[in-house]
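Please read the structure below before turning to the comments.
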Amino acid sequence: MKVLAESMTLPFISDGILVEIMKVLAEAEVSYLSPFFRAGKRTWNIAGTAEVLLKCNFTHLIYENHEDIMPGGRARRLFQRCCEVGNLEAVYFEGLRLAIHSVDINLGIEMLVRNDKGHGKSTLAAAFFAICSGDREQASVLFKSFSANHGGLVSEKARFLGNEIKWDIVMLNPPGLDTYMETFSYPDDDVVYLPECADDHVFPHECHLCYMYSCALEVCGML
């Protein structure tokens, strides 16, 4: 391990090129940066720059062991730094974590809204959590924002992202206690409303029209 760390100091490569190398590695998987953090001050400092932190991909790490990004986890400090610089994925997962494991679901919504317009999954997840909390007005605003910035709600993309959100929540080990079923409130306005087919199509999820409702209902059941 010491030999590997020493080989990663790379004195013959300029800082600029190292940044580009680390950005590619970080985007593939954040754990690929580990040798650079261990190698010495120079590579540690470069790996800790905003340029690199913005690219860090935590999905595989979280799927392997979500405890790594939890308070006290081995990757928590790096994960927090990524949130601080505005890494969209880190902010997204931190928003999920707060909504699932904190005492106030609104903390998660506030974190996710930071990504609005720039990250479709964050916008949809925030809308689902707003529905769970009973704030259907905010949920409607978020759904409309998703439609304007990431494509319509009645689309394959929306279904794909909704499925990813549900899986990401599962990976964070939610309690599954139906905590918010009593406050669950789906939007009902001129643009976002409950389709008539919702009760018939909740489970096969084959209908684009009512998919957002069935997805929000599933998310609510996980919390």
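The values are calculated or read from the model by the stated rules, or taken from the named source; none is laboratory data. Owing to the predicted nature of the structure, the values given are computational and were not obtained by experimental measurement. Neighbour counts run over all protein chains shown; Cβ positions are idealised from the backbone, glycine included.
Points worth noting:
- Residues that are touching a Leu at 6+ places or on another chain (Cβ under 8 Å), at pLDDT below 95 and of a type in the set (Asp, Glu) do occur in segment 115-131, at least one of them.
- Scanning segment 142-159 for residues that are in a helix (DSSP H, G or I) and either crowded, with 21+ Cβ neighbours inside 10 Å or within 18 Å of the chain's Cα centre (by Cα) (or both) yields 142, 143, 145, 146, 149, 150, 157, 158, 159.
- Test for residue 183: is it closer than 22 Å to residue 98 by Cβ, surrounded by fewer than 18 Cβ atoms within 10 Å (Cβ to Cβ) and more than 22 Å from the chain's Cα centre (by Cα): yes
- For segment 3-16, the criterion of being aliphatic (A, V, I, L, M), at pLDDT 90 or above and part of a helix (DSSP H, G or I) is met by none of the residues.
- The helices (runs of 4 or more DSSP H) found wholly in segment 53-139 and carrying at least 3 residues that are crowded, with 17+ Cβ neighbours inside 10 Å occupy 76-85, 88-101, 105-113, 120-133.
- Test for residue 116: is it without any contact (Cβ under 8 Å) to a residue 12 or more places away in the chain and acidic (Asp, Glu): no
- Exactly one residue among 147, 214, 155 is among the polar types (S, T, N, Q), modelled with pLDDT under 95 and in contact with a Cys (Cβ under 9 Å, 6 or more places away or on another chain), and that residue is 214.
- Just one of (1) modelled with pLDDT under 90; (2) within 27 Å of residue 101 (Cβ to Cβ); (3) assigned to a loop (DSSP other than H, G, I, E, B) fails for residue 194. It is (2).
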